[in-house]
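Nothing in this text is a laboratory measurement; each read-out follows from the coordinates by a stated rule. Worth saying up front: this structure is predicted, and the values here are computed from it rather than measured. Cβ: placed from backbone, ideal geometry, glycine included. Neighbour counts: every protein chain shown.
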Amino acid sequence: MAHEQHDLSPVTSSCQAGFGHEDVDEQHSRLELWAYRLLCAAAFGAAFSLPLGRTMMGFSFLLLLVDCVRRRRRFAFSPAAWGWVVFLAVATFASVVGVDPARSFLKLEKLIWFVGIPVAATLAYNRARVCGILTAFVAGVGVLTLQIVVVRPVEAWFAMRHAVAAGEVGDYLRDITYLGSMTDGQTLMLGIVALAGLIAAGGVVWRRSVDLAGLVLFVAALVVNLKRGSWICTVVVMGAFAATRMKLRYLVMLAIATVVVLFLPPVWERFSDLRDEFDMTRGGRMVMWTRIAPPLIRAHPFGIGYRALTSEMMQNVAREQGVDVEPGRNHLHSNPIQILIATGWLGLAVYALWMGVGLINGFQRVFSAPRGSPDQSIALSLVLMLVGLILNGLVEYNFGDGELVMLYSMVLGMMGAAWSAMPGASELSSD
């Protein structure tokens, strides 16, 4: 890893992220170009609208499939794509021998959307295209940000007024917390890392002042969303990014901003509530991980089947264990534990290997890129996006979230793609 310190100032033409400026030649047809544009639209939609994101991804896959058949070429199947295929096979087997095969088979369609891995690996064949996909995603996060910082506070205010009118105690912080989404928090985290990577690579997404203002707004939306896991993961991954790609003054500014945000009353109150997670009487994560999961793992070493866990099943185990667990839950707030219960020890091993291979591919890209180059900045941002998802997945089941599955797939696909620097691209200069 390079330890040279760089400014965030853009370098002209080093990471131009166009959506339709690629040359259509013998190797890349107009049909493939439209498949790429639709993949960008999928990245845009996945940030704030799952139906839009999935629709665009489906059309992108179909156009690319037709193009491959017409031109007798293959999809780029990276190691991460093979990891998806193997995990899907293990999840299918676990569902067949599980407790509710019919339910599990209906849910397996969620895993189909990892098709974004080979689609992105095939279409993101140079840095311009990778930047284009990331730029589209950042634009989608901008839409999400406006929803959170403009609409959500108003919704929380009306919810509080309604409670007061009904004779209840109004609590604005409680209402805005309930409106917050784990999915939105993690999407904002990914948007912050992606935008920072684009700026550091010299890819001016709009204008420098607008890009930096966008970072500030993304952080503001992250705070308003009031989800602690995404806060912690954002600080970790952006701290790693800043330590390797920014000047010392930016590190100091990041540290100061983190401390200031931490001591905002709503943020401090949310972190103060962390002690409740260790309270075994509240039926939260600690009960799920230490009292609900072990009996299920012992009884079903090959898994109960993909997404076969139900609230009723959790309540039954809780009664047997003499504990209370949160009502209405059908997952255990952790990727490794949920995957272990659903697909057994084999599924957990495949998942760990799958994510490990993805990270190895990403770090190989970082270390092989010229020091301080746009390639290295983009590769590092992709690695940290995956690291953020994996870290957040330790305390949230984001592997079963439709929007985040699409983002997992595109990040893994771009990291495994054989993309190269554009000829003549400028590199970041040392200070």
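Binned at 10 Å from 0, what are the whole-percent values of the Cα-Cα distance distribution for the range 82-209, short to long?
10, 23, 24, 24, 16, 3, 0
Suppose we keep just the alpha-carbon trace of the range 300-375; what are its Rg and Dmax in angstrom?
18.7, 58
Stretch V323-L52 to full length: gain in nm at 0.36 nm per residue minus the Cα-Cα span?
My answer for the length gained is 93.4 nm.
Can you pull out the chymotrypsin sites (Phe, Trp or Tyr not before Pro) in the range 365-410 whose DSSP state is coil and whose Cβ has at most 11 other Cβ atoms within 10 Å? List each step's numbers first, then the result.
Details: sites: F367, Y397, F399, Y408; in loops: Y397.
Answer in residue order: no site qualifies.
Give the longest segment of the chain that steers clear of trypsin sites (Lys or Arg not before Pro) in DSSP loops with at most 15 neighbouring Cβ atoms within 10 Å, not counting the sites themselves.
On the way: sites that count: R72, R73, R74, R207, K247, R282, R371.
The segment 75-206 is the longest one with no such site.
Based on DSSP H runs of at least 4 residues, each adding -39500 (n - 2.57), what is the mean residue ellipticity at 222 nm of the chain after dividing by all its residues, to the nearest 500 deg cm²/dmol?
Details: 19 runs with 282 residues, N = 431.
Rounded to the nearest 500, the figure is -21500 deg cm²/dmol.
Sequence-distant or interchain residues sharing an amide H contact under 5 Å with N126, placed H: which?
When sequence neighbours closer than 5 places are left aside, the close amide H contacts are S420.
Write down, largest first, the equivalent ellipsoid semi-axes of the chain in whole Å, where each equals the square root of 5 times an eigenvalue of the alpha-carbon gyration tensor.
Working: eigenvalues 250, 167, 77 Å².
Semi-axes, largest first: 35, 29, 20 Å.
Would you compute, for the Cα atoms of the range 49-102, the largest minus smallest coordinate along each principal axis and list the three values in descending order, in whole Å?
Cα spread of the range 49-102 along its principal axes, largest to smallest: 43, 29, 18 Å.
Treating each Cα of the range 282-431 as an identical point scatterer and ignoring solvent, apply the Debye formula and state log10 I(q)/I(0) at q = 0.08, 0.10, 0.14, 0.19 Å⁻¹.
Rounded to two decimals, the profile gives -0.32, -0.47, -0.73, -1.08.
Report the charge-dipole magnitude of the chain in Debye, nearest 20, computed about the Cα centre from +1 at each Lys and Arg Cβ and -1 at each Asp and Glu Cβ. Don't skip to the end; give the middle numbers.
Values: 34 positive and 31 negative charges, 125 e Å.
So the dipole magnitude of the chain works out to roughly 600 debye.
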